[in-house]
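The values are calculated or read from the model by the stated rules, or taken from the named source; none is laboratory data. Keep in mind that this is a model prediction, so the values were computed, not measured. Every residue, glycine among them, receives a Cβ derived from its backbone with ideal geometry; neighbour counts consider all protein chains shown.
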């Protein structure tokens, strides 16, 4: 890893460029979420006579979701650290933990959406619920894509081991996952915490 | 790996994020269980949003290593550009829509106002 050959340096620069490119994509993704937040804040009180956040959201439930996602963000960072140090066993353990936690988060969210829909609060009910489902659903879609990507990385590392490509992909994945947690913190604060007061 | 600086940074970020999440949640929970009477809405809004922004900064530093970037700090520059756009987008939307709501309130049509 510490060999300094001109060849190696070039690959490193290429990796750095890809990582910067991915970072810029993440910024545009944040702008996408910001516009959905703006829509939600504007439509928040338009419940059209239906139920509002205080009647629909459960605080303990959303705290559990938040802690699960925060922990998975932490473990994805540890997986990246382990991969950079070529510790394949630790990489698998932490990536596996990230996947299990991410899947639990998604299962809770799908469960919540199904419950809301069954209790007569679907995305068609009001402006508030349309914007709620769009914002939280877009986040959930990102989590779903992230989990599929994580599966792909696991298969790749299992087949090819920890080479430069797998470390690069893992680093991108962990940037993606950290940002999804940051977006969730704002959903937790703006949609849920400020929605029930 | 578990003794490295990078690992300690992750643990620090995780603990700080946990603390700020739990503070925000407990304050709102106490407010709701007291029948929405314990704190003022302004206080909760300011507290919850400040803690969210604090946690954003904590994660940028400890999870995304923004502070350890070498010059010319492209990541930071891209982030600042995005933050600028986000502030214009969110604050601008809230501002103009509130203004619109306010103007609409003064334009409730009465019998005399209606042209037909």
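General observations
- Taking the criterion of being part of a helix (DSSP H, G or I) and either out of contact with any helix residue (DSSP H, G or I) (no Cβ under 9 Å at 6 or more places or on another chain) or over 17 Å from residue A:192 (Cα atoms) (or both), the residues of the stretch A:113-131 that qualify are A:114, A:115, A:117, A:118.
- Among (1) in a helix (DSSP H, G or I); (2) more than 10 Å from every other protein chain (Cβ to nearest Cβ), the one test that residue B:29 misses: (2)
- The residues on offer are B:39, B:10, and the sole one that is assigned to a loop (DSSP other than H, G, I, E, B), touching a helix residue (DSSP H, G or I) at 6+ places or on another chain (Cβ under 8 Å) and surrounded by 11 or more Cβ atoms within 10 Å (Cβ to Cβ) is B:39.
- Among the criteria (1) assigned to a helix (DSSP H, G or I); (2) within 14 Å of chain B (Cβ to nearest Cβ), the one residue A:162 does not fulfil is (1).
- Answer from B:51, B:22 - the residue that is in a helix (DSSP H, G or I), outside the structural domain of residue B:90 (by TED's automatic domain parsing) and buried (at least 17 other Cβ atoms within 10 Å of the Cβ): B:51
- Options A:18, A:58, A:76, A:86; residue that is more than 8 Å from every other protein chain (Cβ to nearest Cβ) and surrounded by 15 or more Cβ atoms within 10 Å (Cβ to Cβ): A:76
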